[in-house]
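Novice: Dropping the structure in here first, questions after.
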2 protein chains.
Amino acid sequence: MKFTIHRQSFMNQLANVTRAVPVKATIPVLTGIKIVAQEDGITLIGSDAEISIEAFLNIQDEAYQLEIIEPGSIVVTARLFSEIIKKLPTDIITIETDEQYLLTIRSGQAVFNLNGIDGQSYPHLPEIVAESTLELPTLLFRDLINQTIFSASNQESRPVLTGLHLSSSDHFLSGVATDSHRLSRRMIPVKYSQEELNFESINIPKKTVQELSRIIEDEDQLKMMVADKQVIFTMDNLVIYSRLLEGNYPDTNRLIPQDHQTEIVVDSQEFLAAIERASLMSHQGKNNVVQLDINDQKVELLVNSNERGQASEIIEVKSAEGDDLKISFNPDYMKDALKSFGPIDIHIGFQTPVRPLLLTPAEKNENESANNQLLQLLTPIRTHY
Amino acid sequence: MKFTIHRQSFMNQLANVTRAVPVKATIPVLTGIKIVAQEDGITLIGSDAEISIEAFLNIQDEAYQLEIIEPGSIVVTARLFSEIIKKLPTDIITIETDEQYLLTIRSGQAVFNLNGIDGQSYPHLPEIVAESTLELPTLLFRDLINQTIFSASNQESRPVLTGLHLSSSDHFLSGVATDSHRLSRRMIPVKYSQEELNFESINIPKKTVQELSRIIEDEDQLKMMVADKQVIFTMDNLVIYSRLLEGNYPDTNRLIPQDHQTEIVVDSQEFLAAIERASLMSHQGKNNVVQLDINDQKVELLVNSNERGQASEIIEVKSAEGDDLKISFNPDYMKDALKSFGPIDIHIGFQTPVRPLLLTPAEKNENESANNQLLQLLTPIRTHY
């Protein structure tokens, strides 16, 4: 194998592919990336066996300034290789292998030799037969990920909750994540009928959607293919292969309150700042909990006394209506929920101190329809004050 | 105690003082800062028993917008207090204590109560009798610190080597740091004769000079007072008290080679980049070592084969003269040494593969005199190739 390539462009794709590569792996070859040089371009592959990321560097793409001198393939240690490429002195570099799988990198006067492994020893990517390819709205789908995935569970005891639950309806997709203490749901419109969507629901691992969200560029055309136990996302020159999580996802729609006895409207940024202040004090105690005390239009945020002290703040609300209420919750969950909306007014609906509280935008914006909505649900913490 | 103050200005001084405060302390009161309100201003004190930093917030300084309503003092947990001040919503805040040492912070609608400790329980700062106060050139003294202190030892087995050795001569100060593998020396001119300097040499703990370097502002007037076992640095509104390290500092002047058999001149930035590249590979091996091979004007940097591979690079030199030589050294030490000079040409003088190599500026700049010089010394590593 031998090729010359533009260093910076090569490095960008290396960085994308290396995202899938584990620091340690039970199968040692997976700590490497596979490089395949063919006449039409270079393929880079990184994988942790559950997620694989593949980049194709097309010889037609002038950004790569790619010249394939001899086709071939090799596996080389991912992180050291990336660090070397990053620090090389010239714009154009040459990469070459010999029969002993020694990889040579040349850049100006610098020469690096890395001990590689036969490219044939790298696991094959799954061959996936997908019935249909769905074009997704790139920016909306990235929002769907970022506004929900923080609520996914980190507990492996119930694996299906560690991912994003994506379900199809007529002309919209719904993304849900929950760790059973909080729940996030975002709906986005798509151009397909439910029949065209051709899947009911899938559970995608957290790492897959997080890496997808990080890698995807605004201008990329995102496509999704759903197959049995696998999902594939393709972007302009990248492919992410991922297994799906197995198991039955709970029916979360029934958890979402349909009414409320108390409601307040707050500016998300101001309320977030108050919650952040209060959480400095709540983090000092054994229980990380803050209390909201709604009493005849007056809304107060409280952190009850712990070893270090206590805190209180009257919250400026846009409106407060309904029954008086005292309710306690984890301020860190509230921070995540508030941040997901961006700087808008938020409606918070309450039923009782032991029923979930529901956050939704206070006003429908012009793009919002029944198919384009975000909600955040928080389970309160029972306290005995 | 009760006062109102400008939040941001207060926070800046809190941050300076908190630098001295240890995260954990054998004397618990030292994890706090002492706040003293008097008619003429506020004093803040943080200390780890070896270094104390004291800030005075003068009521005359309009930046503080300070109003002292009731004098008094308290000790309050440093980090939580700083974090709260940082996140408060208003520009002007009120701080108040009661007889139970409960500290109340008010800012807009936010109220925090922190459990404090009687200000009287805080250790007293040493009363220091210094014979003379020396005015130091602020920027040059900061350079002296930053260009040397990285060479100080981290090994407590020989405490005196963990600090900066500052010695006086007629109209200049010399700063030396060494861990016995490398040595840094910077001289700077001062306006005093040796007699006026009034001390021979002192050994200042690394932490003291590092914090001084971080805290001091370009426009501050820096003063130093040397007393028995103590040194005091004063800036515009800050005072750093520090104990001195005891023990005899080795005579380092005799270590500095007076001649060389081989010499090269390199651009510090280009040579640094090559060393950084090579060190990616040397870090993979058991011994972190690179080799410089000087052979008839040709200078090559090599990392010999280890488990991962090997590296080599022909170095562009401005000149190379003298005997051929192969010499090995720790690339991380070379990186630190090169960085200390900034972007200039560096002269490297060599004697034999087992004698220290000496880095100095290749050309004297206009400010450079016998009293204003920087040198870096590296001990080679013996290898058996």
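The values are calculated or read from the model by the stated rules, or taken from the named source; none is laboratory data. The model shown is predicted, which means the values in this text are computed figures rather than measured ones. Don't worry about glycine lacking a Cβ; one is built from the backbone with ideal geometry, like all the others, and counts go over all protein chains shown. In case anyone asks, the SASA skips ligands and DNA or RNA and just uses the protein heavy atoms, side chains included. Shrake-Rupley method; radii C 1.70, N 1.55, O 1.52, S 1.80 Å.
Novice: May I ask you to say which residue of A:S82, A:S52 is touching a residue at least 24 places away in the same chain (Cβ under 8 Å) and closer than 28 Å to A:K229 by Cβ? First the steps, then the outcome.
Specialist: Numbers: A:S82 fails: closer than 28 Å to A:K229 by Cβ.
Selected residue: A:S52, the only one of A:S82, A:S52 that is touching a residue at least 24 places away in the same chain (Cβ under 8 Å) and closer than 28 Å to A:K229 by Cβ.
Novice: OK, next. Looking at B:A177, B:A130 in this structure, which one is at pLDDT below 95 and surrounded by 15 or more Cβ atoms within 10 Å (Cβ to Cβ)? Can you show your working first?
Specialist: Values: B:A177 fails: at pLDDT below 95.
Every option except B:A130 fails the conditions.
Novice: Sticking with this structure for a sec: Give region A:193-215 a look and list any residue that's open to solvent by less than 30 Å² (accessible area, probe 1.4 Å) and more than 19 Å from the chain's Cα centre (by Cα), or say none. Before the answer, list the steps.
Specialist: Let us first name the residues in region A:193-215 that are open to solvent by less than 30 Å² (accessible area, probe 1.4 Å), namely A:193, A:197, A:199, A:202-205, A:208-209, A:211-213, A:215.
Within region A:193-215, A:S193, A:L197, A:F199 meet the criteria.
Novice: Anything in region A:59-91 that is out of contact with any Leu (no Cβ under 6 Å at 6 or more places or on another chain), part of a helix (DSSP H, G or I) and more than 14 Å from every other protein chain (Cβ to nearest Cβ)? List them, or say none.
Specialist: A:E62, A:A63
Novice: When you look at A:Q269, is it within 12 Å of another protein chain (Cβ to nearest Cβ), under 28 Å from the mean Cα position of the chain (by Cα) and among the polar types (S, T, N, Q), yes or no?
Specialist: Numbers: within 12 Å of another protein chain (Cβ to nearest Cβ): yes; under 28 Å from the mean Cα position of the chain (by Cα): yes; among the polar types (S, T, N, Q): yes.
Yes; evaluated as a whole, the condition is true for this residue.
Novice: So which of A:S319, A:S369, A:S305 ends up being at pLDDT below 95 and either within 14 Å of chain B (Cβ to nearest Cβ) or over 28 Å from A:G175 (Cβ atoms) (or both)? Before the answer, list the steps.
Specialist: Values: A:S319 fails: at pLDDT below 95; A:S369 fails: either within 14 Å of chain B (Cβ to nearest Cβ) or over 28 Å from A:G175 (Cβ atoms) (or both).
Just one listed residue meets the conditions, A:S305.
Novice: Moving to a separate point now. So which of A:I294, A:I275, A:I327, A:I314 is farther than 30 Å from A:L140 by Cβ, among the β-branched types (V, I, T), within 12 Å of chain B (Cβ to nearest Cβ) and not in a loop (DSSP other than H, G, I, E, B)?
Specialist: Details: A:I294 fails: within 12 Å of chain B (Cβ to nearest Cβ); A:I275 fails: farther than 30 Å from A:L140 by Cβ; A:I327 fails: within 12 Å of chain B (Cβ to nearest Cβ).
It is A:I314.
Novice: Additional query: When you scan region B:38-58, do you find a residue that is in a loop (DSSP other than H, G, I, E, B), farther than 18 Å from B:D91 by Cα and hydroxyl-bearing (S, T, Y), even just one? Explain how you work it out, then say what you get.
Specialist: First, the residues of region B:38-58 that are in a loop (DSSP other than H, G, I, E, B): B:39-40, B:48-50.
Filter again for farther than 18 Å from B:D91 by Cα, leaving B:39-40, B:48-50.
Now drop any that are not hydroxyl-bearing (S, T, Y), which leaves none.
Scanning region B:38-58, I find no residue that is in a loop (DSSP other than H, G, I, E, B), farther than 18 Å from B:D91 by Cα and hydroxyl-bearing (S, T, Y), so the answer is no.
Novice: What's the number of the only condition in (1) in a strand (DSSP E or B); (2) within 14 Å of another protein chain (Cβ to nearest Cβ) that B:Q100 fails to meet?
Specialist: Unmet for B:Q100, out of (1) in a strand (DSSP E or B); (2) within 14 Å of another protein chain (Cβ to nearest Cβ): (1).
Novice: Let me ask you something else. Do any strands (runs of 3 or more DSSP E) lying entirely in region B:161-272 carry at least 1 residues that are of a type in the set (D, E), assigned by the TED database to the domain that holds B:F350 and within 30 Å of B:E300 (Cα to Cα), and which ones are they? Can you show your working first?
Specialist: Details: elements: B:163-169, B:172-178, B:182-189, B:201-205, B:222-227, B:230-234, B:238-243, B:262-267.
Answer list for region B:161-272: B:262-267.
Novice: Any residue at all in region B:49-59 that is under 21 Å from B:T208 (Cα atoms), surrounded by fewer than 21 Cβ atoms within 10 Å (Cβ to Cβ) and of a type in the set (D, E, K, R)?
Specialist: Checked against the condition, which is being under 21 Å from B:T208 (Cα atoms), surrounded by fewer than 21 Cβ atoms within 10 Å (Cβ to Cβ) and of a type in the set (D, E, K, R), region B:49-59 yields at least one hit.
Novice: Would you mind telling me which numbered condition in (1) modelled with pLDDT of 95 or more; (2) farther than 17 Å from A:N253 by Cα A:E195 fails?
Specialist: For A:E195, the exception is condition (1).
Novice: Here's another thing I want to ask about it. Condition test on B:V289, is it in contact with a helix residue (DSSP H, G or I) (Cβ under 9 Å, 6 or more places away or on another chain) and away from every other protein chain (no Cβ under 13 Å)?
Specialist: Considered against the rule, which asks whether it is in contact with a helix residue (DSSP H, G or I) (Cβ under 9 Å, 6 or more places away or on another chain) and away from every other protein chain (no Cβ under 13 Å), B:V289 comes out as yes.
Novice: Quick one: which residue in A:I315, A:I294 is without any contact (Cβ under 8 Å) to a residue 60 or more places away in the chain, over 21 Å from A:D336 (Cα atoms), surrounded by 15 or more Cβ atoms within 10 Å (Cβ to Cβ) and in contact with a Leu (Cβ under 7 Å, 6 or more places away or on another chain)? Reasoning before the result, please.
Specialist: Working: A:I315 fails: over 21 Å from A:D336 (Cα atoms).
Just a single option satisfies the conditions, and that option is A:I294.
Novice: Does B:N154 satisfy the criteria of being under 30 Å from B:E195 (Cβ atoms) and open to solvent by 70 Å² or more (accessible area, probe 1.4 Å)? I'd like the intermediate steps shown before the answer.
Specialist: On the way: under 30 Å from B:E195 (Cβ atoms): no; open to solvent by 70 Å² or more (accessible area, probe 1.4 Å): yes.
The answer is no for B:N154.
Novice: Continuing with the same structure: Sort out which residues of region B:110-134 are within 14 Å of B:V36 (Cβ to Cβ) and within 14 Å of another protein chain (Cβ to nearest Cβ), and write them in order of number. I'd like the intermediate steps shown before the answer.
Specialist: Here is the first cut: in region B:110-134, the ones within 14 Å of B:V36 (Cβ to Cβ) are B:116-125.
The answer is B:G116, B:I117.
Novice: Something else: Looking at this structure, is A:E131 out of contact with any Lys or Arg (no Cβ under 7 Å at 6 or more places or on another chain) and without any contact (Cβ under 8 Å) to a residue 12 or more places away in the chain?
Specialist: Considered against the rule, which asks whether it is out of contact with any Lys or Arg (no Cβ under 7 Å at 6 or more places or on another chain) and without any contact (Cβ under 8 Å) to a residue 12 or more places away in the chain, A:E131 comes out as no.
Novice: The conditions are (1) under 25 Å from the mean Cα position of the chain (by Cα); (2) open to solvent by 30 Å² or more (accessible area, probe 1.4 Å), and B:S305 fails exactly one of them. Which is it?
Specialist: Of the numbered conditions (1) under 25 Å from the mean Cα position of the chain (by Cα); (2) open to solvent by 30 Å² or more (accessible area, probe 1.4 Å), the odd one out for B:S305 is (1).
Yes/no per residue for (1) farther than 25 Å from B:E313 by Cβ; (2) crowded, with 18+ Cβ neighbours inside 10 Å; (3) in contact with a Lys or Arg (Cβ under 6 Å, 6 or more places away or on another chain):
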site: A:F10; (1), (2), (3): no, yes, no
site: A:A20; (1), (2), (3): yes, yes, no
site: A:K34; (1), (2), (3): yes, yes, no
site: A:G41; (1), (2), (3): yes, yes, no
site: A:I68; (1), (2), (3): yes, yes, no
site: A:T104; (1), (2), (3): no, no, no
site: A:G108; (1), (2), (3): no, no, no
site: A:V111; (1), (2), (3): no, no, no
